[in-house]
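Below is one structure, written out as structure tokens; the observations come after it.
The values are calculated or read from the model by the stated rules, or taken from the named source; none is laboratory data. All of these numbers come straight from a predicted model, not from anything done at the bench. Glycine gets a Cβ as well: all are built from the backbone with ideal geometry, and neighbour counts include every protein chain shown. Surface areas here come from the heavy atoms of the whole protein model, side chains and all, with no ligands, DNA or RNA. Shrake-Rupley method; radii C 1.70, N 1.55, O 1.52, S 1.80 Å.
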Amino acid sequence: FFFQAEDGIRDVAVTGVQTCALPILPWKWMSIHFPTWNLPDVKGVRVGVITARFNGEITSLLLEGARQCLREHAATWEEFSVPGAFELPFASQKIADRFDAVVALGAVIRGDTPHFDFVANECARGLMDVSLKTGTPVVFGVLTVDNMEQATARAGGAHGNKGYDAAMTALEMARFAA
């Protein structure tokens, strides 16, 4: 939300949310909410991490973010790779019964044809279908962006690492599903 501030940044305390304010104009500030993770004990949670190799310069960064998160929380994981994002739902279905959660990582970058829409939509739908059919949380860690700059910003750049975020979501959902 926006609010006027004459004497500096105002922080708002919201349960479960860390808030900061960023300047947009000299007289206004924008508050952005970042979730704080209050995870129950997730040590030993088993996670399958599937990474699409297409756009590998981005997906490798997402994978590194996921690894970092899983290490920090003492989870155990196994890694798999598939050719592209379109193959993530099939692979997720094949491994879902072996893990407490599955993280699907990929990057679909818009081009000049409708191919982006088909891949992104079917990947998202397919991963949700697997999650609902198997009862295993399958986390959508697939970037769907317009260009490489946006992808880089979300794979360890200015917008954080969505691979890390996806792994964190998997840990929380694994405990939720237990």
_Being farther than 14 Å from Leu39 by Cβ, open to solvent by 60 Å² or more (accessible area, probe 1.4 Å) and either in contact (Cβ under 8 Å) with a residue 40 or more places away in the chain or touching a Gly at 6+ places or on another chain (Cβ under 9 Å) (or both) is the filter here; which residues of the stretch 151-176 pass it?_
Thr152, Arg154, Lys162
_Name the residue that is nearest to Thr152 (Cα to Cα), counting only residues in the stretch 95-123 that are surrounded by 15 or more Cβ atoms within 10 Å (Cβ to Cβ) and out of contact with any helix residue (DSSP H, G or I) (no Cβ under 9 Å at 6 or more places or on another chain)._
Phe116
*If you scan the stretch 81-110, which residues turn out to be in a loop (DSSP other than H, G, I, E, B) and either at pLDDT below 95 or aromatic (Phe, Trp, Tyr) (or both)?*
Phe99
*Check whether at least one residue in the stretch 116-128 is part of a loop (DSSP other than H, G, I, E, B) and modelled with pLDDT of 95 or more, and report yes or no.*
no
*Please verify whether the stretch 132-145 includes one or more residues that are open to solvent by 10 Å² or more (accessible area, probe 1.4 Å), touching an Asp or Glu at 6+ places or on another chain (Cβ under 9 Å) and assigned to a helix (DSSP H, G or I).*
yes
*Residue within the stretch 72-80 that is over 18 Å from Arg175 (Cα atoms) and either open to solvent by less than 10 Å² (accessible area, probe 1.4 Å) or out of contact with any strand residue (DSSP E or B) (no Cβ under 9 Å at 6 or more places or on another chain) (or both) present*: no
